[in-house]
1. I want to verify a result. In a Gaussian network model of the chain, Cα cutoff 10 Å, which of these has the top mean-square fluctuation: 158, 54, 99?
2. Mind jotting down the distance between the C-alpha centroids of region 83-99 and region 103-133, whole Å?
3. Go ahead and set up a Gaussian network model of the chain, Cα springs under 10 Å, then flag whichever of 60, 236, 164 fluctuates most.
4. Working out 0.36 nm times the residue gap between residue 172 and residue 232, then minus their Cα-Cα distance, what length gain in nm do you get to one decimal?
5. For the chain, what does -39500 (n - 2.57) per DSSP helix run (n ≥ 4), summed and divided by total residues, give at 222 nm, in deg cm²/dmol to the nearest 500?
6. Label residue 102 and residue 272 with points 7 Å out from Cα along Cα→Cβ: what is the distance between them in nm?
7. Roughly speaking, what % of Cα-Cα pairs in region 42-201 are separated by over 25 Å, rounded to a whole number?
8. Report the relative contact order of region 189-278, percent, no decimals, based on alpha-carbon pairs under 8 angstrom and at least 6 residues apart.
């Protein structure tokens with residue numbers, strides 16, 4: 001089962017016969033025509049949400065794990081599909097073609113290009129482009145890299161990864177949609193989160209409770225004080241986050257502290273309280 005086949009099955013779920021015919025014609029074209037088709041896609045392909053079956057989802061996961069594309073529109077799917085037909089044996093020519101698209105792209109073209117990062121050839125070449133996109137003020141571009149995209153977890157340095165996660169937190173993005181969030185948690189990120197929380201609290205603002213899932217493995221005295229502050233918070237999700245962190249961490253004072261909250265301890269043990277409950 002090839003990625004091209006899986007993508008074409010996805011396209012057939014959502015595209016008209018006319019749209020499929022146009023796309024099939026373009027996939028047989030030369031490289032310049034493929035690039036032109038990438039740009040012209042919205043003129044011939046609709047921008048409605050795609051339909052994806054469990055079979056599609058399973059087949060895609062076998063080829064590119066942790067790549068949720070349910071939120072894509074048909075034109076984005078078709079643009080990524082066209083990129084799969086670019087010849088990649090000549091590295092210089094391939095990179096030149098993709099770079100040309102990046103350099104001339106409008107917003108939705110950029111979204112498609114960054115969405116395609118997990119399947120572009122020579123993945124190491126696109127790290128600079130991807131880390132620059134994290135600094136972008138264009139929300140859809142940032143989201144295309146940060147949310148539902150396995151590329152950053154696989155290729156970003158720790159510093160670049162932490163910047164991505166912290167920007168999501170700062171902008172109240174749903175961090176549970178960051179692929180590899182728990183696997184790439186690290187001490188520096190946990191410490192940065194503590195600093196960020198203190199700034200927010202000093203300004204009378206809240207920190208999204210689910211972000212505390214990032215500190216469980218990296219507990220120290222400073223972070224433990226933060227967890228105690230969450231337990232004392234009048235905001236219920238903060239208390240729940242503190243209980244979840246305490247249950248996960250290998251830090252004896254936290255386990256003792258959780259003992260003072262038997263209801264939360266039981267809820268976690270019974271599966272009635274989890275990080276998924278705090279997702280927003």
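1. Largest GNM mean-square fluctuation: 54.
2. Each part reduced to its Cα centre gives a spacing of 13 Å.
3. Comparing 60, 236, 164 in the GNM, the peak value goes to 236.
4. Values: separation 60, 0.36 × 60 = 21.60 nm, distance 2.28 nm.
Value of the extension gain: 19.3 nm.
5. Numbers: 16 runs with 169 residues, N = 280.
Value at 222 nm, helices only, nearest 500: -18000 deg cm²/dmol.
6. Between residue 102 and residue 272, the simple spin-label model gives 5.1 nm.
7. Numbers: 4217 of 12720 pairs.
I get 33 percent for the Cα pairs in region 42-201 exceeding 25 Å.
8. Working: 84 pairs, mean separation 22.8, N = 90.
Relative contact order of region 189-278: 25 percent.
Each value in this text was obtained by applying a stated rule to the coordinates, not by laboratory testing. None of these values were measured; they are calculated from a predicted model. Note that we place each Cβ from the backbone using ideal geometry, even for glycine, and neighbour counts take in every protein chain shown.
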